[in-house]
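The values are calculated or read from the model by the stated rules, or taken from the named source; none is laboratory data. Computed from a predicted model, the values in this text were never measured in an experiment. With ideal geometry, Cβ positions are generated from the backbone for all residues, glycine too; neighbour counts draw on all protein chains shown. In case anyone asks, the SASA skips ligands and DNA or RNA and just uses the protein heavy atoms, side chains included. Shrake-Rupley method; radii C 1.70, N 1.55, O 1.52, S 1.80 Å.
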Amino acid sequence: MSSKAQSTGVIVEWSPGSVSAFDSARRTIYRGTSLADIAPSLSSRDVVMAIGRRACFVRSLTVPDAPKQDLLQGLRMSIGQHVPIGTADACVDLRIVGDVGPDGRAATLVAMRAVDLRTLYDEARQAGLRIIATVPAAYGSWVLANGTSLPNCAAVSESADGLGVDLIQGGELRYSRALPPNSSNGQLAPEILRTFSAAGLKSSPTLAQGFPVPSAEYSVAKTPLEALAGTGWSTPGVRFELPEAVAARAKAGKSRRARLATFLCAAALLLATFAYVDRANAQDKVNKEKARIASSLKKLSGTRDRLLTQTNEQAAMQATLARGFKPAQRLGDIAALVNNLLPPKAWLTSVGVERGQAVNIRGTALGADAVPTYLNALNHESRLRDVKLVFANNALIESTPVVQFSISAFPVGNLPLVDKIRGARK
């Protein structure tokens, strides 16, 4: 699959068991349960696959100020902390969306399961289609929002697997979610609010895309699939690749570097040969001097290595002591903090906090407004980061309606007492 941006007139939105395609040459949308159902109707064998919202995850997160390849390598190892995908089954990409700040840089994570991507490739091969690229379908909403000058909105659209909502903030896609099947039956507005809470974002106007939404403040006639046609899919700069394809590209890069190193060694050897012929009379003296310098360097290197080892051991011991006796935040303070921020008519049922782990907050509230209020207070607390709403469920206690909720947040500076050793068995 080429890494260069290509233009295509066929965009296919794919989820396991449901597909839809926009053919710009025929201005027609085709729907089916698999690629084999719609392939005969398409005007081109070259297609871009837009992964549906039920098959991929789009989340906002903060990353260190580092090269994208280094960030992706780290995310592939820790993907389970952000989305429910195993390390060995993750296809991951990242779009950096913010400038460097005190905590790092804002970014949008996109991820899907490798087993789903392999299924997609198998279906495409059997249907006779050539995949140019695989991208999240939600970025079609991002293209439409930017085209209508809406930097902050909840973009609602119909897709192959039902309704979806994509949250745009600051002109960037920050969150995407497939809505439950009954959302169009009077439940759309509550589901949009729940999506904002889950993403930890403030509410914004609703943008209806390609179908009427009575409560929407804005609307466009195009669908997200239409927005991705041509080269629109390549604008965000994200795509999904199988882990083996990423590994093969890395191996090819190593091979190129090895060939370059071999060439440079050969050139150096040739240069050394010319120098040897030119300075044959002084070679014995040069060899003796080199031997003397090499011997001195070896002794100095040994001394340096011993001193570095001692210094590293002392620094590690000092860091461990400082971490144990001077933590950035004590566990009791963290528990008191989340309790103090609790709004009226809400109470906590459990608070779980460990060294090096996120604090897990569970509670119950009277009324739906208490949970967003509490979530907003936690988001504005500088001692916490990555505040996320895990769930908020309506329930009854006897005859009183309540909302049971669960929130996770990471206390700033909550480091483990001892760092994990790489390669150690769990």
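Brief remarks on what is shown
- Highest to lowest packing among 371-383, 343-355, scored as the average C-beta count within 10 Å: 371-383, 343-355
- Under the Debye formula (equal points on every Cα, no solvent term), log10 I(q)/I(0) of the range 125-243 at q = 0.13, 0.15 Å⁻¹: -0.50, -0.65
- The charge dipole of the chain, taken about the Cα centre with unit charges on the Cβ atoms of Lys, Arg (+1) and Asp, Glu (-1), comes to about 2080 debye, rounded to the nearest 20.
- Gyration tensor verdict on the range 89-195 (Cα atoms; rounded if a/c is under 1.5, prolate if a/b is larger than b/c, oblate otherwise): oblate
- Ranking ALA377, ALA291, ALA392 by Cα position along the charge dipole of the range 263-401, where only Lys, Arg, Asp and Glu carry charges on their C-beta atoms, puts ALA291 farthest toward the positive end.
- Inter-part distance where the range 332-359 and the range 105-164 are each reduced to a Cα centre, Å: 37 Å
- Cα gyration tensor shape for the range 341-389, rounded if a/c is under 1.5, else prolate or oblate: oblate
- Sum of side-chain charges, LYS290 neighbourhood, beta-carbon under 14 Å (Lys, Arg +1; Asp, Glu -1): +3
- GNM flexibility winner over the chain from SER399, SER215, SER41 (Cα, springs under 10 Å): SER399
- Dipole of the chain, positive end: most advanced residue of ALA280, GLY17, ALA346 [Cβ charges, Cα centre]: ALA280
- Per-peptide average of other Cβ atoms within 10 Å, ordering 113-119, 172-178, 10-16 highest first: 10-16, 172-178, 113-119
- Taking only the C-alpha atoms of the range 1-96, the Rg (one decimal) and the largest Cα-Cα distance, Dmax (whole number), read 16.6, 47 Å.
- Dividing the alpha-carbon radius of gyration of the range 1-160 by the rule-of-thumb value 2.2 N^0.38 Å gives 1.11.
- Residue among ARG125, ARG249, ARG330 with the largest mean-square fluctuation in a Gaussian network model of the chain, springs linking Cα atoms under 10 Å: ARG249
- Derived from the Cα gyration tensor, the three semi-axes of the equivalent ellipsoid of the range 45-114 are 22, 15, 11 Å, largest first.
- Potential extension, MET77-LEU331 segment - 0.36 nm per residue separation minus Cα distance: 88.7 nm
- A crude spin-label estimate for the pair TRP347 and ARG130, with each label 7 Å from Cα along the Cβ direction, gives 6.7 nm.
- Karplus-based coupling profile of the range 122-129, in residue order and whole Hz: 5, 4, 5, 5, 5, 8, x, 9, with θ = phi - 60° in 6.51 cos²θ - 1.76 cosθ + 1.60 and x standing for Gly or Pro.
- Pair LYS254, LYS285: separation of 7 Å Cα→Cβ label points (nm): 4.6 nm
- Net charge, ALA154 excluded, C-beta distance under 15 Å - Lys, Arg +1, Asp, Glu -1: 0
- Shape category assigned to the range 254-410 from the gyration tensor of Cα positions, a/c cut at 1.5: prolate
- Model label sites at ALA261 and ARG118, defined 7 Å from Cα along the beta-carbon direction, differ in position by 3.2 nm.
- Summed residue charge, Cβ within 10 Å of CYS91's Cβ, Lys/Arg positive, Asp/Glu negative: 0
- Fully extending the segment from SER219 to LEU308, taken as 0.36 nm per residue of separation minus the present Cα-Cα distance, adds 25.6 nm.
- Options GLY170, VAL359, PRO212, ranked by Cα towards positive dipole end of the chain, top entry (Cβ charges): VAL359
- In the chain, the portion of solvent-accessible area held by carbon and sulfur atoms comes to 55 percent [1.4 Å probe, whole percent, DNA, RNA and ligands not counted].
- Charge dipole (debye, nearest 20) of the range 287-382; +1 at Cβ of Lys and Arg, -1 at Cβ of Asp and Glu: 940 debye
- Computed over the chain, the convex hull of the alpha-carbon atoms projects to a mean area of 29.7 nm².
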